[in-house]
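Peer 1: Structure provided below as structure tokens; questions to follow.
The values are calculated or read from the model by the stated rules, or taken from the named source; none is laboratory data. Please read these numbers as outputs of a predicted model, since none were measured by experiment. Methodologically, a virtual Cβ is constructed for each residue, glycine included, from the backbone with ideal geometry; neighbour enumeration extends over all protein chains shown. SASA here: full protein model, heavy atoms, side chains in, ligands and nucleic acids out. Shrake-Rupley method; radii C 1.70, N 1.55, O 1.52, S 1.80 Å.
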Amino acid sequence: MSGHCSRPVVLCLSGHDPSGGAGLQADIEALLAQGCHAAPAVTALTVQDTVNVTDFRVLDREWVLAQAYAVIADLPVAAVKLGMLGSVEMVETVLEIMQKLPGVPLVCDPVLRAGGGGALGKDDVGYAMRARLFPVSTIATPNLPEARILAELPEGSADECAEKLLPFIRHLLITGGHGDETEVHNRLYSRDGSRYDFSCQRLPGSYHGSGCTLASALSGRLALGEDLASAVKSALDYTWRTLRDAEAPGRGQYIPRRLPLDLA
């Protein structure tokens, strides 16, 4: 038995989804598939299934700080992945945590709505993330509806939202798939003006936890040392495969099949 863990550690700050489709379980599975070790710290508890979210409770900030500091004191954190925060106070809590991790890549998935449409935080949480967390993040991964909320552009295109948001963050991945196009376009924008477009075949159905899966996979690729554009492509390719092989265990959305490790 080896006493040394060669897998990079990713600290995940997100909510618990009892259906197992999204949240911290999605983070853990997606990170395992990248060859990383997930260290999940719970920020919120939710009442949800594969259909929708009906309620949530944000944990006391001292509990979240205690969880994160215990991990940081014991494990070499190589990246941080943010999911559901749920309150403005939790945004400030994450900022405190990141002060302990200078230079560590931070992937911010601005979770504001569940796949079924239920709220996972008020819009002011999104605005606090934009103003306070985006500047210390490596990349944010909103889907287009989330980008529109964050940019305060209800009908904005991905390009228009990116123009509004890039003053706050260095890199921005706006994901598609929420329209009726036959090909999904995912767009990576950088403050230096560079841009990459990644397209993939649109799959039928709707999915619970796809955004969590993508952001976690991306944080894992960055923890492994992959450069940003390549890490985004790796994470998008992996996520598409999990959706292609998704299962429908409940009455609602499909759940991405993030494991086993030999997805091809």
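Peer 1: Looking at region 238-257, is at least one residue among the polar types (S, T, N, Q) and closer than 23 Å to Gly35 by Cβ?
Peer 2: Filtering region 238-257 down to residues among the polar types (S, T, N, Q) leaves 239, 242, 253.
Remaining after also requiring closer than 23 Å to Gly35 by Cβ: 239, 242.
Within region 238-257, one or more residues are among the polar types (S, T, N, Q) and closer than 23 Å to Gly35 by Cβ.
Peer 1: Taking Val71, is it more than 18 Å from the chain's Cα centre (by Cα), modelled with pLDDT of 95 or more and more than 24 Å from Gly205 (Cα to Cα)? First the steps, then the outcome.
Peer 2: Working: more than 18 Å from the chain's Cα centre (by Cα): yes; modelled with pLDDT of 95 or more: yes; more than 24 Å from Gly205 (Cα to Cα): yes.
Against the criterion (more than 18 Å from the chain's Cα centre (by Cα), modelled with pLDDT of 95 or more and more than 24 Å from Gly205 (Cα to Cα)), Val71 qualifies.
Peer 1: Any idea which residue in region 184-224 is most open to solvent (accessible area, probe 1.4 Å), counting only those that are in contact (Cβ under 8 Å) with a residue 24 or more places away in the chain and at positive phi?
Peer 2: Gly205
Peer 1: How many residues, within region 52-70, are open to solvent by 60 Å² or more (accessible area, probe 1.4 Å) and either touching a His at 6+ places or on another chain (Cβ under 9 Å) or not in a helix (DSSP H, G or I) (or both)?
Peer 2: Residues in region 52-70 being open to solvent by 60 Å² or more (accessible area, probe 1.4 Å) and either touching a His at 6+ places or on another chain (Cβ under 9 Å) or not in a helix (DSSP H, G or I) (or both): 4 in total.
Peer 1: Next up: Every residue in region 58-106 that is of a type in the set (D, E, K, R) and closer than 18 Å to Thr141 by Cβ, please.
Peer 2: Filtering region 58-106 down to residues of a type in the set (D, E, K, R) leaves 60-62, 74, 81, 89, 92, 96, 100.
Within region 58-106, just Lys81 meets the criteria.
Peer 1: Among the numbered conditions (1) at pLDDT 95 or above; (2) surrounded by 22 or more Cβ atoms within 10 Å (Cβ to Cβ); (3) more than 16 Å from Cys12 (Cβ to Cβ); (4) not hydrophobic (A, V, I, L, M, F, W, C), tell me where Gly121 comes up short.
Peer 2: Of everything listed in (1) at pLDDT 95 or above; (2) surrounded by 22 or more Cβ atoms within 10 Å (Cβ to Cβ); (3) more than 16 Å from Cys12 (Cβ to Cβ); (4) not hydrophobic (A, V, I, L, M, F, W, C), Gly121 misses just condition (1).
Peer 1: Report yes if Thr43 is of a type in the set (Ser, Thr, Tyr) and not in a loop (DSSP other than H, G, I, E, B), otherwise no.
Peer 2: Details: of a type in the set (Ser, Thr, Tyr): yes; not in a loop (DSSP other than H, G, I, E, B): yes.
Yes; evaluated as a whole, the condition is true for this residue.
Peer 1: Checking the conditions here, which among Ala235, Ala229 is open to solvent by less than 60 Å² (accessible area, probe 1.4 Å), out of contact with any Lys or Arg (no Cβ under 9 Å at 6 or more places or on another chain) and closer than 26 Å to Leu150 by Cα? Give the derivation first.
Peer 2: Numbers: Ala235 fails: out of contact with any Lys or Arg (no Cβ under 9 Å at 6 or more places or on another chain).
On inspection, the qualifying residue turns out to be Ala229.
Peer 1: Mind checking which residues of region 158-183 are at pLDDT 95 or above and open to solvent by 40 Å² or more (accessible area, probe 1.4 Å)?
Peer 2: Asp159, Glu160, Glu163, Lys164, Pro167, Phe168, Arg170, His171
Peer 1: Which of the residues spanning region 71-107 are among the small types (Gly, Ala, Ser) and open to solvent by 60 Å² or more (accessible area, probe 1.4 Å)?
Peer 2: Let us first name the residues in region 71-107 that are among the small types (Gly, Ala, Ser), namely 73, 78-79, 83, 86-87, 103.
Of everything in region 71-107, those that are among the small types (Gly, Ala, Ser) and open to solvent by 60 Å² or more (accessible area, probe 1.4 Å) turn out to be Ala73, Gly103.
Peer 1: Further question: Mind listing whichever residues of region 83-100 are closer than 12 Å to Ala44 by Cα and not in a helix (DSSP H, G or I)?
Peer 2: Gly83, Met84, Leu85, Gly86, Ser87
Peer 1: List the pairs whose first member sits in region 138-151 and is modelled with pLDDT under 95, whose second member is among the hydroxyl-bearing types (Ser, Thr, Tyr) and assigned to a strand (DSSP E or B), and whose Cβ atoms are under 6 Å apart, counting only residues at least 6 apart or on separate chains?
Peer 2: If the second residue must be among the hydroxyl-bearing types (Ser, Thr, Tyr) and assigned to a strand (DSSP E or B), the pairs left are Asn143/Thr175.
Peer 1: Now a separate question. Mind listing whichever residues of region 137-150 are outside any helix (DSSP H, G or I) and either hydrophobic (A, V, I, L, M, F, W, C) or over 20 Å from the mean Cα position of the chain (by Cα) (or both)? Write out each step before concluding.
Peer 2: In the first step, residues of region 137-150 are kept if they are outside any helix (DSSP H, G or I); the result is 137-143.
Residues satisfying the conditions are Ile139, Ala140.
Peer 1: In region 16-51, which residues are closer than 16 Å to Gln253 by Cβ and open to solvent by less than 20 Å² (accessible area, probe 1.4 Å)?
Peer 2: Once the filter is applied, which keeps residues that are closer than 16 Å to Gln253 by Cβ and open to solvent by less than 20 Å² (accessible area, probe 1.4 Å), region 16-51 yields Asp17, Gly20, Gly21, Ala22, Gly23, Ala26, Thr46, Thr50.
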